[in-house]
1. Can you compute the helix-only [θ] at 222 nm over the protein assembly as shown? Use -39500 (n - 2.57) per DSSP H run of at least 4 residues, normalise by all residues, nearest 500 deg cm²/dmol.
2. Run the accessible area of chain A with a 1.4 Å probe and give the carbon-and-sulfur part as a rounded percent.
3. Pop out the carbon and sulfur fraction of the accessible area of region B:100-184 as a percent, whole number, probe 1.4 Å.
4. Tell me the carbon and sulfur percent of the accessible area for region B:1-82, rounded to whole percent, probe radius 1.4 Å.
5. Would you please classify the overall shape of the protein assembly as shown from the alpha carbon gyration tensor, given that a ≥ b ≥ c denote the square roots of the eigenvalues, rounded means a/c under 1.5, and beyond that prolate means a/b larger than b/c while oblate covers the rest?
6. In square angstrom, what is the accessible area per residue of region A:26-97 with a 1.4 angstrom probe?
7. Taking H placed 1.01 Å from N in the peptide plane, check which residues at least 5 places from A:Arg192 or on another chain put their amide H under 5 Å from its amide H.
8. Give me the accessible area buried between chains A and B, both sides summed, with a 1.4 Å probe, in Å² rounded to the nearest 100.
Amino acid sequence: MENIFTNIGPVLMDMGSLPVIIAIVAGVTLGIVLGALPGFGSSQSLALLFPLTFTMPADVAIIFFLAVYSAAEYGGSIPAILIRTPGTPAQAVTVLDGYAMAQKGFPNRALKISLISGVLGGLTSTIIFILVGGWIASIALEFGPGEMFALGIFGLSIIGSFFGRDPTRGFLAAGLGLFLSTIGTSDFGGMRFTFNQSFLADGIPLVVVIIAFLAGPEALRLLINHRKTIEKPKTVLQISTQKADDRFLKSDIRRLIPTWIRGSLIGTAIGALPGAGASIGSLIAYGEEKRWSRRPKSEFGTGVAEGIAAPETANNAVVAGTLVPSLALGIPGSGSAAILLSVLISKGVVPGPLLFGAEPRLITSMFIGLIFINLWLLLLGLIYTRGFAHISKVSRRILGPCVFIVILLGTYAYANYTAHVMMVIVLSLLAYWMVKIDIPVVPVVLAFVMGPIVESNLSRAMTIHSGDLSVVLTRPITLIILGLALATFVYSAISSMRSSLSSTNEMKE
Amino acid sequence: MPSRLRKLVLPRRRSFMISIFILLIGTAYLFWEATQLPPSLLKGYPGDGFFPRIALAVILVCGIAALIREAASKQPVAPSPADDIDDADDDKDAPINLDVVEVFLIVAFSLLYMRLLKPLGLEIATSLFMFALLFPRLPMRRPTAALIAVVGAVATTLIVYGAFVLGLKVGLPLKFLPQYLSGY
């Protein structure tokens, strides 16, 4: 922790450097634009922009990505408020009160509540991130390879349990991700599943899996579904509908303080849980706001400020919350977190407990960077939020080819290797089909990121203990963590069985 | 026949079960492959095949469980078709609509694009590829659509060139545009 604070001065100087300012401004702008596009959540946006980081230094790349991530979480609220089309699933709740408020003649007030709430959520969770992240990492420093292996299994158990319609599908996808991570040369030099194909010798690059499974299905869907569709024209609420006092009011600040606190805490906690994410964060924050607010429940959905502030605070607080397990333990909790970790890995930085000690400057950069990103988001949001509403009206027929060409060239740019593009095409088709038959694709990416970490820790632990797995698995902390993993699995299996039983009963009735 | 392939409607449940069945067969073969990997020479190291076997076992167990679960569950009542094509995609009980011809065309164009990227250069290959994708998607008369597609394709190529080659200094194969822009 001390290392982090001693780096604050130099990092603050970095924040004023031209590359960092360009990275933040470009990241925030691209994040808002992509977040405002229908179907593009933060993970799709990050996957699409992943190739842009190839030539950036590690600290600039991570600042750029955090800017995109934060801004994309906010960007989706603009079309949600102005044209009743949430850019991301996380903004589905914002539509309820946001659009209602805009329709009453207060679109600017709704947009500003959303922006200020998002920024405050982001700032609060950043402070929590640095305090809690450092603490968790210091505890995890005591862990050996056996405990880290158990931690990986715990992460996988959560990922498998909470993605998708039922745990079997989530675990199936996680298994696929683990298997894909084993293709190519192993840590000990052996070749696995290459079938004498030289292009498989180095395995499947992380960038290929990220682009294919996160950006690929959406690109194919846009290309295939919207070939000849007639799109209904969407209208952005016009200035003429505005009321005279359509602005953020001083009284809003006093009224929304408890909402911001609740939303920030909920968003950070949900973000720190692997598998949850911004959609669940905003949904829970909205539900809790209805429960705790002094306002009658019946007023929610009619355009009240709390109904916009709660989900928007939470979905931006998720960003820093997500960083806690990702950086401190090396467990990415969402597709976006997996991509953030991938950027670090691609720059030779290993996420996990050692990161806080080994790269204090990078951690400080993230911490200070997130604060600056939120301030830039506030500034840029105030300047050009309303103009971005028109982005969501871009025809999907045109969007599809543009996204697809970026995917192909972005993959090619990684190593100027055509085989990587072929892999992306094949895996994108697989991911597209998985989405069609309702198998979640995010666990594939998360398991692919975690696979090598889990395998290397297992191999190291077994080598230390002369191949005796029982010694590895029965150490006290390992046993506790594995017990938690088992409890997570059992809990998710029981809740899934309950929900399918209740739906069967509903069908009978 | 092509028009039928453009509007292929597949029962979702059966598609899921057949897909999982094929996945299980493939996984079983890969599991056998994993057992054939050479044992470790290093004392204690479980061997290169150990972890893949765990991953494949997870797929096998969960695949079988998913199949049993799907077979045991009741067939949902087919809902009425959705107005919006995206809503139809999101409905997890409705049949799967698939445009096989479009999938085939996209894959074929992509492979051709990658094949032609080096010989034709980024400029021509990207313009042709974008034209091929844009032209059939523009809902207007053919000459107008062709003109807009040409403009769109050239504009996209220039944006891609600016972003990847000039901005990010990525070494993409170029025919006539410069790799670097310099004031000298």
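The values are calculated or read from the model by the stated rules, or taken from the named source; none is laboratory data. Model, not experiment: these values are computed from the prediction. Methodologically, a virtual Cβ is constructed for each residue, glycine included, from the backbone with ideal geometry; neighbour enumeration extends over all protein chains shown. Heavy atoms of the whole protein, side chains included, go into the accessibility calculation; ligands, DNA and RNA do not. Shrake-Rupley method; radii C 1.70, N 1.55, O 1.52, S 1.80 Å.
1. Mean residue ellipticity at 222 nm (helix-derived): -23000 deg cm²/dmol.
2. Of all accessible area on chain A, carbon and sulfur atoms account for 66 percent.
3. Working: 3410 of 4590 Å².
Roughly 74 percent of what the probe reaches on region B:100-184 is carbon or sulfur.
4. The nonpolar share, carbon plus sulfur, comes to 71 percent.
5. rounded
6. 18 Å²
7. Residues meeting the amide H criterion: A:Gly184, A:Thr185, A:Ser186.
8. On the way: alone 21770 and 13810 Å², together 29210 Å².
Roughly 6400 Å².
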